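What follows is a set of notes on a single structure, which appears directly below.
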Amino acid sequence: MSTYTAVTPDDLRAMLDAIGVASVDELFDRQIPAAVRLGRPLDLPAGMAEQDVYAHLADLAAKNTSAEDEISFLGAGMYDHYVPAVIDMLMGRSEFLTPYTPYQPEVSQGNLQVMFEYQTAISELTALPVSNASVYEGPSAVASAGYLAKLANGRERFVVSAGLHPHSLDTLRTYVAGFGATIDVIALRDGVTDPEAWAAAMGDDVGAIFVQQPNVLGALEDVEALMSVKPEGTVGIAAYDPIPLGIVKPPGECGVDVCVGEGQPLGNRLDFGGPSFGFFAATEAYIRRMPGRIAGETTDVDGKRGWVLTLQTREQHIRREKATSNICTAQALNALGGVVYLAWLGRRGIVELGELLLQRTHYAREALTAIDGVEALHDQPVVREFAVRLDADVDAVVARCAAEGVNPGVPLKRLGLDADGLLVAITERRSRADIDRLAEVLQAAVAAERQVVAV
């Protein structure tokens, strides 16, 4: 222990004597069951000198390819949107960058106001009356919504559309293993949730239903119709991409009880996968079951406007075993980037952005499906992402495109989907010229791979 802390052997002996144990091992033996202990040293290589570590990390970093180094059509939940300079400027200010949890409202008015404004923006975006002050990211928001449903009605069967992102489904499965729920996955038909199979899966034992808009294949679901068949008392949960909310019907108008999603597209960079934030909005019926915290508006003793933490349902130090979440720190700084981005766009700007993506996605879909050996995986309406099937080795095609400086999209099999194709995503950073370049490179790559097979 003294290698890593200021505790000397004498200090350690005094502490052990004070609590009545003979050794640190005895302390662990008393507290941690043998069944959950490893029972052997960690299988780790020997340590390296500092300069060797630096060289090793530099070599690893050199293997990365950023979105600035290629024309990227990657998506599937994380998107290469433009991040305006005002976001970096505000997120870099010390009053936002360095503070921790605002337990003392008298010295945390700025952070609390940010949370309040963020909640207001998310509520307006989703048309739901209550939003929390963010959670970690999209998949854990989905899983937390499942736990909310379990607390709300006690039912232990969840019905999930196969259009839910596989990362969200995996996270939900991990959570439900802890509280005993089961998951029924309803397959897609023609790119969207099979409505007949969905309706047939409903029953009084269903605690929650889960859909995604747009779904993992980029298709727009009829969320209102899917929610309309949920049994009484069942919690309707929908995971939304926040950017298309400028042009699609919001969840609050579709019968959704809880709307969650990945906040990265809202002013957060890709940053090799994180961090980002998850948004979480709901009807008022579930306000006390929501994870995280809720900032509220109030007045001080002088009658001036101020902000406080109204609800802290997550706080173990307050609720202990009754806490509804084990989240210890929300992604408040990343949520700040989200609310600044929404304010920067404005009410009209998010509509214009959605319309721009709609037009460019249509153009890209038409351009790619005109290529011999490329066809649409489905014909459903799409907003910013679409799936295509390739009549060629997908990984080989991706490698050929990458060699030309273009990343054509996410292979569907990497998402656990049973299809030989790509999920192609469009942002405002992908111009018409970029799309034409993608079509040119993809056409050559598919033709070359088909030629290899023919030979």
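Of note:
- Value of relative contact order over the chain, rounded to a whole percent, pairs C-alpha under 8 Å and six or more apart: 19 percent
- Cut-off under 5 Å, modelled amide H: who pairs with Arg189 long-range: Asp194
- Using only side-chain charges placed at the Cβ, +1 for Lys and Arg and -1 for Asp and Glu, the dipole size of region 85-342 relative to its Cα centre rounds to 680 debye.
- The long axis of helix 9-19 is offset from the longest Cα principal axis of the chain by roughly 80 degrees.
- A Förster radius of 41 Å combined with the Cβ-Cβ distance from Lys249 to Thr299 puts the calculated FRET efficiency at roughly 0.65.
- Helix 166-179 and the long axis of the chain differ in direction by around 30°, with both axes built from C-alpha atoms.
- Using only side-chain charges placed at the Cβ, +1 for Lys and Arg and -1 for Asp and Glu, the dipole size of the chain relative to its Cα centre rounds to 860 debye.
- A simple spin-label model places the labels of Lys322 and Asp59 5.6 nm from each other, with each point 7 Å out along Cα-to-Cβ.
- For the chain, with +1 on Lys and Arg beta carbons and -1 on Asp and Glu, the positive-most of Ala323, Leu412, Thr193 along the dipole: Ala323
- Ordered by the count of other Cβ atoms within 10 Å of each Cβ, fewest first, Phe116, Phe279 give Phe116, Phe279.
- Prolate/oblate/rounded call for region 1-53, Cα gyration tensor, a/c under 1.5 rounded: oblate
- Dipole moment magnitude, nearest 20 debye, region 336-455 about Cα centre, only Lys, Arg, Asp, Glu C-beta charged: 520 debye
- Spatial separation of Cα centroids for region 9-29 and region 376-392, in angstrom: 63 Å
- Label positions at Ala433 and Asp29, each projected 7 Å from the Cα along the C-beta direction, are separated by 7.2 nm.
- Each principal axis of the Cα atoms in region 73-179 has its own extent, and those three values, largest first, are 45, 41, 27 angstrom.
- Stretchable slack from Arg40 to Glu95, in nm (0.36 nm times residue separation minus alpha-carbon distance): 15.3 nm
- Ala370-Ala199 FRET efficiency (beta carbon distance; Förster radius 45 Å; 0.05 resolution): 0.75
- Taking the Kirkwood radius as Rh and the Cα radius of gyration as Rg, region 85-342 has a ratio of Rg/Rh equal to 0.97.
- The distance linking region 237-303 with region 353-373 is 29 Å (Cα centroid to Cα centroid, whole angstrom).
- Gained length - Ala285 relative to Glu440, 0.36 nm times residue gap less alpha-carbon distance: 50.6 nm
- Farthest positive-ward along the chain dipole, Cα basis, beta-carbon charges - from Pro381, Val258, Ala219: Val258
- Split the chain at each of the trypsin sites (Lys or Arg not before Pro) in a DSSP loop with at most 15 other beta carbon atoms within 10 Å, and the longest piece is 94-303.
- Dipole of region 159-311, positive direction: furthest Cα of Ala181, Thr298, Ser228, with charges on the beta-carbon: Thr298
- Distance (nanometres) between label positions extended 7 Å along Cα→Cβ at Gln113 and Thr5: 4.1 nm
Read the figures in this text as sums done on the coordinates, not as results from a lab. In this text the structure is predicted, and so the values were computed from the model without any measurement. We place every Cβ from the backbone using ideal geometry, glycine too, and count neighbours over all the protein chains shown.
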